[in-house]
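Trainee: Here you go, one structure.
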Amino acid sequence: MLIISFLALLISIFFLQLGSSILAPFDALAGLEIGFTNVELGLLGSSHFAGFLIGCWVAPFIMGRVGHIRAFTIFASFSVLGSVMHPLIINPYFWCFLRVLAGISIAGCFTIVEGWLNEKVSNLNRGRVFGSYRFVDHGGAALGSIFIGFLDTEKLLTYNIIGVFLCLCILPLAFTSNIPPTIPKAPSLNIVKAFKLSPLSFVSVFVVGATNPSIRMVGPIYGAERGFSSLEVGIFLSLALVGGVISQIPLGFVADKFDRRLVLIFLSFASLLCCFLISLFGDKNFLLFSAFVFLFSFFALPIFSVAAAYANDFSDDTFFIDLAASLIFIYGISAILSPLIVSTLFEIFGSGILFVYIGFIHFTLCIFGFYRMTIRPSSDAKQPYLILPRTSFVFLKMFTKKKAKKK
């Protein structure tokens, strides 16, 4: 009965992730067919994350004016418009505007759903609700990536199919009879304090934003130029997500047992090694390439959560939520720059530079991690490791509700 009570929220998130996970790579593949330049395709990815940051800011204010369900409908409508309007004007800058709308939609919808979950969960069911939510979230994203292989990138009307999936995310919440919760207060951002608290966490989060989004946003260019079919591109992008999902729990256990600085350095070095192997052998065999991408995801994706946990070790309870919001903001800024930088490198060196670039960025994190270990010791008091998504500024409130009630 517990999960059934959240069923409308979970179904809405599934279809939202399904549609949006198709839109980003499909844009890149369709843009290649049309003749957009690599830089223009990179700008599409950057536009998505610009919209994401805008959505994180405006969502609480819109919820405050019209309530959860109407606000969700508004944001989801942005995503539908950001899909079905693509065939109207075939222009990369118009498409960038549409991707900003889609980014706003994603951030707004996740803020609403995560704020709703935060108010409705209790200490007894928090783990089950969180697990179900993340399973549906990642499941929709992984399935959306695979779905690309069954769509025709030469037919722009395919965007209507994506729009249908995004429309389906509106219906469950529109029909729900559950009473919406109170409006969550938007966290404050303090970037300077976050950096002073843990420079290593700050840089680690920036590295995650500078690397992982480039795979999702311009990775389809890399795959297409290597002769991958649309289905193989979808498998590539899905594996780049699934590996990180599987590794979160075991690597979280490691992060709770050992010095988190060493864990960050190890994860970054392992990611660097995977990038080297992909660059060396990835072109020779798709199965080998897929295995290395899975391993890269296994090591690279948890870096954000480990970095956040390490920063929390130095933070007091009053800054916990604001710290998480600040780290997500840092990630968002880096993610805006990443696709544009990588696509520019594509123009100069070719798409083969993708994993060379990612490996180099991880190399700098390894060096910085060793440097920080000479500056100060690790914290003796560790905060519990949390699998921290980068979906909204309010998610961590789900894990601090008990403390808030005691105050």
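The values are calculated or read from the model by the stated rules, or taken from the named source; none is laboratory data. Since we're looking at a predicted model, the values are computed, not measured. Every residue, glycine among them, receives a Cβ derived from its backbone with ideal geometry; neighbour counts consider all protein chains shown.
Trainee: Looking only at region 1-58, which residues are out of contact with any Cys (no Cβ under 8 Å at 6 or more places or on another chain), more than 30 Å from ALA174 (Cα to Cα) and of a type in the set (A, V, I, L, M, F, W, C)?
Mentor: Scanning region 1-58 gives ALA28, LEU29, ALA30, LEU32, ILE34, PHE36, VAL39, LEU41.
Trainee: Exactly one of these conditions fails for LEU388: (1) among the aliphatic types (A, V, I, L, M); (2) buried (at least 21 other Cβ atoms within 10 Å of the Cβ); (3) at pLDDT 90 or above. Give me its number.
Mentor: Every condition holds for LEU388 apart from (3).
Trainee: Kindly indicate whether any position in region 325-345 is surrounded by 23 or more Cβ atoms within 10 Å (Cβ to Cβ), more than 23 Å from VAL242 (Cβ to Cβ), modelled with pLDDT of 90 or more and over 18 Å from the mean Cα position of the chain (by Cα).
Mentor: Yes, some residue in region 325-345 is surrounded by 23 or more Cβ atoms within 10 Å (Cβ to Cβ), more than 23 Å from VAL242 (Cβ to Cβ), modelled with pLDDT of 90 or more and over 18 Å from the mean Cα position of the chain (by Cα).
Trainee: On to the next question. Report, by residue number, each residue of region 289-308 that is of a type in the set (Gly, Ala, Ser) and in contact (Cβ under 8 Å) with a residue 60 or more places away in the chain. It would help to see each step written out before you state the result.
Mentor: Residues of region 289-308 that are of a type in the set (Gly, Ala, Ser), as a first pass: 290-291, 297, 300, 305, 307-308.
Across region 289-308, the qualifying residues are ALA300, SER305, ALA307, ALA308.
Trainee: Still on this structure, I have one more. When region 237-271 is examined, which residues are found to be touching a His at 6+ places or on another chain (Cβ under 8 Å) and hydrophobic (A, V, I, L, M, F, W, C)? It would help to see each step written out before you state the result.
Mentor: Step one: filter region 237-271 for residues touching a His at 6+ places or on another chain (Cβ under 8 Å), giving 241-242, 245, 268-269, 271.
Result: LEU241, VAL242, VAL245, PHE269.
Trainee: Right, here's the next one. Return only the number of the condition from (1) closer than 23 Å to SER230 by Cβ; (2) surrounded by fewer than 17 Cβ atoms within 10 Å (Cβ to Cβ); (3) charged (D, E, K, R) that ARG65 does not satisfy.
Mentor: Going through the list (1) closer than 23 Å to SER230 by Cβ; (2) surrounded by fewer than 17 Cβ atoms within 10 Å (Cβ to Cβ); (3) charged (D, E, K, R), ARG65 breaks only (1).
Trainee: Here's something else I'd like to know. For region 333-379, which positions are free of Cβ contacts under 8 Å to residues at least 60 places away in the same chain and in a helix (DSSP H, G or I)?
Mentor: Answer for region 333-379, where residues must be free of Cβ contacts under 8 Å to residues at least 60 places away in the same chain and in a helix (DSSP H, G or I): LEU345, ILE348, PHE349, ILE353, PHE360, ILE367, TYR371.
Trainee: Which of (1) at pLDDT below 90; (2) among the β-branched types (Val, Ile, Thr); (3) out of contact with any Phe, Trp or Tyr (no Cβ under 8 Å at 6 or more places or on another chain) is the odd one out, the single condition ILE90 does not satisfy?
Mentor: (1)
Trainee: Going by what's in this entry, would LEU117 be described as within 17 Å of the chain's Cα centre (by Cα) and closer than 22 Å to PHE14 by Cα? Give the derivation first.
Mentor: Numbers: within 17 Å of the chain's Cα centre (by Cα): no; closer than 22 Å to PHE14 by Cα: yes.
Spelling it out, it is not the case that LEU117 is within 17 Å of the chain's Cα centre (by Cα) and closer than 22 Å to PHE14 by Cα.
Trainee: Which of the residues belonging to region 37-59 are buried (at least 22 other Cβ atoms within 10 Å of the Cβ) and of a type outside the set (A, V, I, L, M)?
Mentor: ASN38, GLY42, GLY45, SER46, SER47, HIS48, PHE49, GLY51, PHE52, GLY55, CYS56
Trainee: Answer yes if at least one residue in region 97-107 is part of a helix (DSSP H, G or I), more than 17 Å from the chain's Cα centre (by Cα) and at pLDDT 90 or above, and no otherwise. Full working, then the answer.
Mentor: Going through region 97-107, the residues part of a helix (DSSP H, G or I) turn out to be 97-107.
Now restrict to residues that are more than 17 Å from the chain's Cα centre (by Cα): 97-98.
This time we only want the ones that are at pLDDT 90 or above, so: 97-98.
Yes, region 97-107 contains a residue that is part of a helix (DSSP H, G or I), more than 17 Å from the chain's Cα centre (by Cα) and at pLDDT 90 or above.
Trainee: In addition: From the set of residues in region 148-173 that are buried (at least 22 other Cβ atoms within 10 Å of the Cβ) and of a type outside the set (A, V, I, L, M), which is farthest from GLN17 (Cα to Cα)?
Mentor: TYR159
Trainee: When you scan region 43-62, do you find a residue that is within 18 Å of the chain's Cα centre (by Cα), at pLDDT 90 or above and among the β-branched types (Val, Ile, Thr), even just one?
Mentor: Scanning region 43-62, I find at least one residue that is within 18 Å of the chain's Cα centre (by Cα), at pLDDT 90 or above and among the β-branched types (Val, Ile, Thr), so the answer is yes.
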